[in-house]
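Student: Pasting a structure here, questions to come.
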Amino acid sequence: MKKNIFLVILLILAVISLWAQDKVLEVKKPLGEEEHIIEERTSDQEIQLKVMLEKANSGDAYSQFKLGQAYYYGTDLLKNTDEAVKWFKASADQGSPEGQTALGICYLKGEGVAQDNKQAIALFQAAAKQNYPEAQFQMGVMSYGGEGIPANNKEAAKWFRLAAEQGHCLAQSNLGICYYEGTGVRMDNLESYYWLSLAAHLCPPQYADEYNKTRDKVKAELKADEIAKADQRVLDWMHKNKQ
């Protein structure tokens, strides 16, 4: 079946979805193992930064991931992809799903390492086995596009579902499109409307218009009682997951 343009756009967005999370603090230059320079800030902010550095250097896997994240973006530290990869690898080597997925993204994009889809897949699989939703989403992307593994729409839909059930909004949207098109699952407008509605509630506002357009297209093909049931399922999910 011809690929839906919106789904393709979302798959492109996959490689930038990982680290739109909480930010750490800003410094003037790359942090070395022994020294760093902190700009003027509140005592609480200074303590936060020092604690993160101490934990990363002492082997805390999540702090290593966060430090790599800061280097990767260059918003909290001076951008340094090599340093980002170093810390992601340190985190990944300890079995951290965050570190594994982050390092997988670097391999996927060829940033700080040689581009290698197979290595990216291996890292995503390791993190996905730990039920990490971003890794499950990335596995769906790779399965759908046939990157590093054979294209398999059923596998893509399976991975999107696993991530979607944990609240990953891009996975929810992709799963909704899969149901609308019958890609890897049977066509089901009611399920499509449900997952697209969840995505519209949970994803950042800049994506809402696109989700709403697709959702409204599906909604036009449903009966009023079906819409009401799906809307209630959305409310129930939001309540259960404290959204």
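What follows is calculated from the coordinates using simple rules that are stated; it is not laboratory data. Predicted model only: the values in this text are computed from it and were never measured. Glycine gets a Cβ as well: all are built from the backbone with ideal geometry, and neighbour counts include every protein chain shown.
Student: At R0 = 30 Å, how high is the FRET efficiency between Lys79 and Ala122 if r is their beta carbon distance? Nearest 0.05 is fine.
Tutor: 0.70
Student: Strictly over 18 Å apart at the Cα level, which of Lys55/Lys89; Lys89/Lys118; Lys213/Lys240; Lys217/Lys242; Lys129/Lys158; Lys55/Lys109 would you flag in this model?
Tutor: Numbers: Lys55/Lys89 16 Å; Lys89/Lys118 16 Å; Lys213/Lys240 26 Å; Lys217/Lys242 28 Å; Lys129/Lys158 13 Å; Lys55/Lys109 28 Å.
Correct reply: Lys213/Lys240; Lys217/Lys242; Lys55/Lys109.
Student: May I ask you to compute the full-extension gain from Glu226 to Asn57, defined as 0.36 nm times their residue separation minus their alpha-carbon distance, rounded to one decimal in nm? Working shown, then result.
Tutor: Numbers: separation 169, 0.36 × 169 = 60.84 nm, distance 5.43 nm.
Result: 55.4 nm gained on full extension.
Student: Between Lys154 and Lys242, take the C-beta separation as r, use R0 = 25 Å, and let me know the FRET efficiency to the nearest 0.05. Kindly include the intermediate steps, with their values, before the conclusion.
Tutor: On the way: r = 32 Å, r/R0 = 1.26.
My answer for the efficiency is 0.20.
Student: Now for a separate question. If you plug each phi of segment 113-122 into the Karplus form 6.51 cos²θ - 1.76 cosθ + 1.60 with θ = phi - 60°, what whole-Hz ³J(HN,Hα) values come out, in order, with x for Gly and Pro?
Tutor: Computed from phi, the couplings for segment 113-122 are 8, 5, 4, 7, 5, 5, 5, 4, 4, 4 Hz.
Student: Among the trypsin sites (Lys or Arg not before Pro) within segment 163-217, which fall in a DSSP loop and have no more than 10 other Cβ atoms within 10 Å of their own Cβ?
Tutor: Details: sites: Arg186, Lys213, Arg215, Lys217; in loops: Arg186.
Filter output for segment 163-217: Arg186.
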